[in-house]
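I have placed the structure first, in the form of structure tokens, so that the comments after it can refer back to it.
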Amino acid sequence: MKAIIKSLIFFLSLMFLSSSAFSSVTEPPAQMSETSKQCATCHKKNNNGIVQQWGDSKHHRAKVGCYECHAADPGDKDAFLHGKKGDKKLISIIVSPRDCANCHAHEVKQTEDSHHAKAGRILGSLDNLLAEVVEGNSGFVTEGFPDGNSAAAVNGCWQCHGSQVKVLEDGALDPATWPNTGIGRINPDGSEGACTACHSRHSFSVEQARAPETCGKCHMGPDHPHIEIYNESKHGIQYASQKGQLGMDKSKWVPGEDYYTAPTCSTCHMGATKDQDVTHDVGMRISWNNRPPVSIRPEVSDKKMGLPGQHVDWETRRDNMQDVCSACHSEDYIENFYAQYDGLVNLYNEKFAKPGIKLMKAAKPLMKPVKFSNKIDFIWFEIWHHEGRRARHGAAMMGPDITHWHGTYEVAKHFYAKFIPELEYLVEKGMRSTSEKKQASAALLQATIDEVLNSDNHKWYLGKMSAKQQEIRKKATADFKAQFEK
């Protein structure tokens, strides 16, 4: 039933929502299905808001109703009977990407191939260890999780990254995992992702998906403050002051043709240009992956995750993004911006990230074995995970204050004022140990500290700045003063 309904009605009707994938379709259904009419009539009494949202949507105009999206097969894990006595229909609450793919196959495939759809894999990561254990406990007990869950993870991490939705024996959805619109939600049918993370039900507005505020639900905060960076940037300033001129509800939305005032997140990472189609793989225009401690090229991370993007090199992705930039900027402007961005990423990688990893490896034998039971675990984690990411993302999106004061300044401050002193404390403690193994590890850590601090990037800390560097600094200061003395 479900497959027949969705393959026939959906395929015809959603031409309005995905014209590139269904350009050969010419006639939408002439009438709304009787079942969907019944759904709307009943839900007007108790859930009128969602009926009105649907009524304003392109789905409604294309005669696609409740049942066409929510119809279920008997074998579906989350299927249940719903409706009036004697006329119940088998439905499911969750409309998964697999359901949407009946009409939006191209868009869903792109999403499945992206990091967005894989965001739920954080459930086994270092980040989630913090929410599950360090911050939380197993006190949130539900039927599906009799041994408990951490409320910090359920209400925090899972709401952006996605839960693994668990269906109970009676067909209800476990409250630890639902409601949830996390972008990488793992659905009962096995699909990954949640289209409603960006296209909130039941209006499924393209205008909403194009708005930076939508992305800001998850892309914000100390470790990935993209919405804050955007708001600070010239792009964000233009959007805030002139967003009424962007026509974000238009079907065709090409920068330089349909609007020119300001880009949004969608413009740069997903939107069509005169030479590119819309993409739902948000990684296809990113030339650095700034999530890890050391920035890597996106095809490297895609290979680790087994994604098709492993075959698309960073130069191609950068060309894709530069194509977007060219709608408003000159070639020289674009090239110079990327030179600045690469310079910041390389500075962070070489001066702080790689030496930091080397020092942490040398310190490990002197640390307590449990992750985050050491003060230095938190210091290093925040240097790369919070401050280092902020610096790199700030440069990527032209947010100078976050790049500097909330980024590289805090990286440097904590590297020199917290990280190095804590390493030196571990050396001192190890040297006092009666264990020869600890003493040897302490000696190795001290040698590593000395090696790092005596490198060109860190000599200043020891008062060993070279005469050449001192002269460069002196000349720069003199030149700066001279320009105001004319």
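The values are calculated or read from the model by the stated rules, or taken from the named source; none is laboratory data. A quick note: this is a predicted structure, and the numbers were derived from the prediction, not measured. Here the Cβ positions follow ideal geometry from the backbone for every residue, glycine too, while neighbour counts run over all protein chains shown. Keep in mind that these areas ignore ligands, DNA and RNA; they rest on the heavy atoms of the full protein, side chains included. Shrake-Rupley method; radii C 1.70, N 1.55, O 1.52, S 1.80 Å.
Points worth noting:
- Every pair of residues 6+ apart whose Cβ atoms lie under 6 Å, when the first sits in the range 176-187 and is closer than 17 Å to residue 148 by Cα while the second is aromatic (Phe, Trp, Tyr) and modelled with pLDDT of 95 or more: 176/145
- Where a residue in the range 325-340 is free of Cβ contacts under 8 Å to residues at least 24 places away in the same chain and its partner, wherever it lies, is not in a helix (DSSP H, G or I), with Cβ under 7 Å and at least six apart: 334/326
- The number of residues in the range 76-134 being open to solvent by 40 Å² or more (accessible area, probe 1.4 Å), under 20 Å from residue 286 (Cβ atoms) and in a loop (DSSP other than H, G, I, E, B) comes to 2.
- Matching residues in the range 203-224 - criterion: being part of a loop (DSSP other than H, G, I, E, B) and either free of Cβ contacts under 8 Å to residues at least 60 places away in the same chain or in contact with an Asp or Glu (Cβ under 9 Å, 6 or more places away or on another chain) (or both): 203, 205, 211, 216, 217, 218, 219, 220, 221, 222, 223
- If you go through the range 337-374 and pick out every residue that is outside any helix (DSSP H, G or I), of a type in the set (A, V, I, L, M) and open to solvent by less than 80 Å² (accessible area, probe 1.4 Å), you end up with 1.
- Residues (open to solvent by less than 60 Å² (accessible area, probe 1.4 Å), over 30 Å from residue 334 (Cβ atoms) and either in contact with a helix residue (DSSP H, G or I) (Cβ under 9 Å, 6 or more places away or on another chain) or at pLDDT below 95 (or both)) located in the range 398-433: 414, 415, 416, 419, 420, 422, 423, 426, 427, 430, 433
- Residues being among the polar types (S, T, N, Q) and part of a loop (DSSP other than H, G, I, E, B) - total across the range 160-179: 2
- If you check 360, 397 for being more than 30 Å from residue 321 (Cα to Cα) and in contact (Cβ under 8 Å) with a residue 12 or more places away in the chain, only one passes: 360.
- Selected residue [more than 36 Å from the chain's Cα centre (by Cα) and part of a helix (DSSP H, G or I)] from 452, 427, 411: 427
- Within the range 55-68, restricting attention to residues that are free of Cβ contacts under 8 Å to residues at least 60 places away in the same chain and open to solvent by less than 20 Å² (accessible area, probe 1.4 Å), the residue that is farthest from residue 95 (Cα to Cα) is 62.
- Condition check for residue 381: among the aromatic types (Phe, Trp, Tyr) and either within 20 Å of residue 461 (Cβ to Cβ) or open to solvent by 20 Å² or more (accessible area, probe 1.4 Å) (or both): no
- Residue in the range 246-264 that is surrounded by 15 or more Cβ atoms within 10 Å (Cβ to Cβ) and within 23 Å of residue 182 (Cβ to Cβ) present: yes
- Selection of first residues in the range 246-267 that are on the phi > 0 side of the Ramachandran plot and of second residues that are modelled with pLDDT of 95 or more and hydrophobic (A, V, I, L, M, F, W, C), restricted to Cβ pairs under 7 Å at least 6 apart or on distinct chains, gives the following pairs, ordered by first then second residue: 256/327; 256/328.
- Unique residue being more than 25 Å from residue 43 (Cα to Cα) and either in contact with a helix residue (DSSP H, G or I) (Cβ under 6 Å, 6 or more places away or on another chain) or among the hydrophobic types (A, V, I, L, M, F, W, C) (or both) when the list is 197, 152, 172: 152
- Looking across 140, 80, 145, one residue alone is among the aromatic types (Phe, Trp, Tyr), out of contact with any helix residue (DSSP H, G or I) (no Cβ under 7 Å at 6 or more places or on another chain) and modelled with pLDDT of 95 or more. It is 145.
- Of the residues making up the range 447-486, those that are of a type in the set (Val, Ile, Thr) and open to solvent by less than 50 Å² (accessible area, probe 1.4 Å) are 448, 449, 452.
- Every listed requirement among (1) buried (at least 16 other Cβ atoms within 10 Å of the Cβ); (2) under 15 Å from residue 365 (Cβ atoms); (3) free of Cβ contacts under 8 Å to residues at least 40 places away in the same chain is met by residue 436 save one, (1).
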